[in-house]
1. With every protein chain left in place, what is the accessible area per residue of the chain in square angstrom, probe 1.4 Å?
2. Report the extension gain between residue 322 and residue 191 in nm, rounded to one decimal, defined as 0.36 nm multiplied by the number of residues separating them, less their alpha carbon distance.
3. Rounding to the nearest 20 debye, state how big the charge dipole of the chain is about its Cα centre with +1 on each Lys and Arg Cβ and -1 on each Asp and Glu Cβ.
4. Taking each pair of different alpha-carbon atoms in region 55-133 once, compute 1/r for the pair, average those values, and report the inverse of that mean as the Kirkwood hydrodynamic radius in Å to one decimal.
5. Could you grab the relative contact order for the chain? Cα pairs under 8 Å, six or more apart, rounded to a whole percent.
6. Taking 0.36 nm per intervening residue step and subtracting the Cα-Cα distance, what contour gain separates residue 24 from residue 151 on full extension?
7. Putting +1 on Lys and Arg Cβ atoms and -1 on Asp and Glu Cβ atoms, find which of 80, 22, 288 reaches farthest to the positive end of the dipole of the chain.
8. Determine the share of the chain's accessible area contributed by carbon and sulfur atoms, expressed in whole percent, with a 1.4 angstrom probe.
Amino acid sequence: MLFAALSVALVVVFLVSAGSGQLSIAPSEVIGSVLRAMGFDVGPAASPTHDVALWTIRFPRIVLALLIGAALAASGTLMQAVFSNPLAEPSVVGVSAGAALGAATAIVFGWTFLGEWSVAAAAFVAGLATTLFVYFASRTRGKTEVVTLVLTGIAINAFAGSALALLTFLGDSASREQIIFWQLGSLNGARWEQIAIIAPLVLIGLIIAFGLARTLDLFSLGERGARHLGVNVEFVRILVIVVVAVLVSAAVAFAGIIAFVGLVIPHLMRMVLGPAHRPLLIASVLGGALLMAGADLVARTAVPMADLPIGMLTSLVGGPFFFWLLRRTRRRSGGWA
């Protein structure tokens with residue numbers, strides 16, 4: 001029932017989002033345009049102006065929102081599983097901070113080695129490199145302690161934040177505006193070329209995540225219990241961290257920093273479904289895509305003639321909502337001890 005409800009809600013939000021904006025398009029025209037692109041000549045035909053708006057502006061933006069939401073929510077689920085902590089999220093290993101630092105470096109120093117893709121490429125590589133550095137820096141005698149990993153991530157986040165502040169200070173006015181806008185997160189200007197890059201990365205990451213679902217169930221028994229049941233804990237942990245780094249780096253490279261999706265959605269779905277990771281991953285992917293599509297709809301339509309930063313919206317809503325979840329969980333369990 002949950003999967004069906006999320007799927008129906010996703011379709012509804014897709015249709016409403018595609019038809020909403022400065023140029024209003026009827027849902028029947030949206031459906032007809034999609035069906036005609038698939039080779040089915042049914043439904044009312046959209047006008048040429050509406051067709052151009054749908055396929056060059058709105059559909060790429062909505063699809064990018066769905067991919068990013070699915071990637072961030074799946075990453076949060078994986079992190080919470082491998083850390084055995086429902087409060088874990090991808091930023092624990094420094095991937096978002098590293099990506100922001102890479103993007104800011106490319107902006108301030110004017111890197112153009114890949115043309116218009118330079119900032120996104122720098123963000124992706126920096127996010128991935130930061131995560132790997134955090135992992136290998138926290139290893140001792142071939143093992144990785146979760147506490148050491150978290151503390152190393154905190155240190156890297158602090159360093160990246162300071163370096164980002166320094167770059168913001170050194171940059172000119174245009175660079176500062178671009179850095180701040182990138183940090184706030186936005187899907188404005190999404191194109192099919194970006195989707196062609198991010199979609200394979202997200203698809204591969206999700207396939208690996210679903211393949212690890214049953215193994216991750218064993219992590220709920222604790223690291224020692226999982227080892228006794230034949231799980232190669234170190235291999236699974238590094239694989240999960242690499243998958244998370246790829247998913248989050250790909251997401252933030254094109255949309256900037258988007259907070260709370262990877263934290264709130266898995267936690268909320270776990271409250272409904274329980275801890276089994278295969279259904280939890282399915283629900284989280286659908287819920288994350290739904291949240292991002294809804295947030296993007298609000299970002300485009302809440303203020304006339306303006307495009308609100310989507311990362312700002314997810315934080316404004318996600319922060320108080322997660323605070324409510326914390327108080328609710330604490331009240332029901334009678335404390336954290």
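The values are calculated or read from the model by the stated rules, or taken from the named source; none is laboratory data. The shown structure was predicted, so the numbers you read here are calculated from the model rather than taken from an experiment. Heads up, the Cβs are rebuilt from the backbone with ideal geometry, glycines too, and the neighbour counts pull from every protein chain shown. Surface areas here come from the heavy atoms of the whole protein model, side chains and all, with no ligands, DNA or RNA. Shrake-Rupley method; radii C 1.70, N 1.55, O 1.52, S 1.80 Å.
1. Counting only protein heavy atoms, the per-residue value for the chain is 47 Å².
2. Values: separation 131, 0.36 × 131 = 47.16 nm, distance 3.20 nm.
Length difference between fully extended and current span is 44.0 nm.
3. 1220
4. Numbers: mean 1/r = 0.0713 Å⁻¹.
Across region 55-133, the inverse of the average 1/r is 14.0 Å.
5. Normalised by residue count, the contact order of the chain is 28 percent.
6. Details: separation 127, 0.36 × 127 = 45.72 nm, distance 4.96 nm.
Gain on extension, residue 24 to residue 151, equals 40.8 nm.
7. Of the candidates, 80 comes out farthest on the positive side.
8. That share works out to 70 percent.
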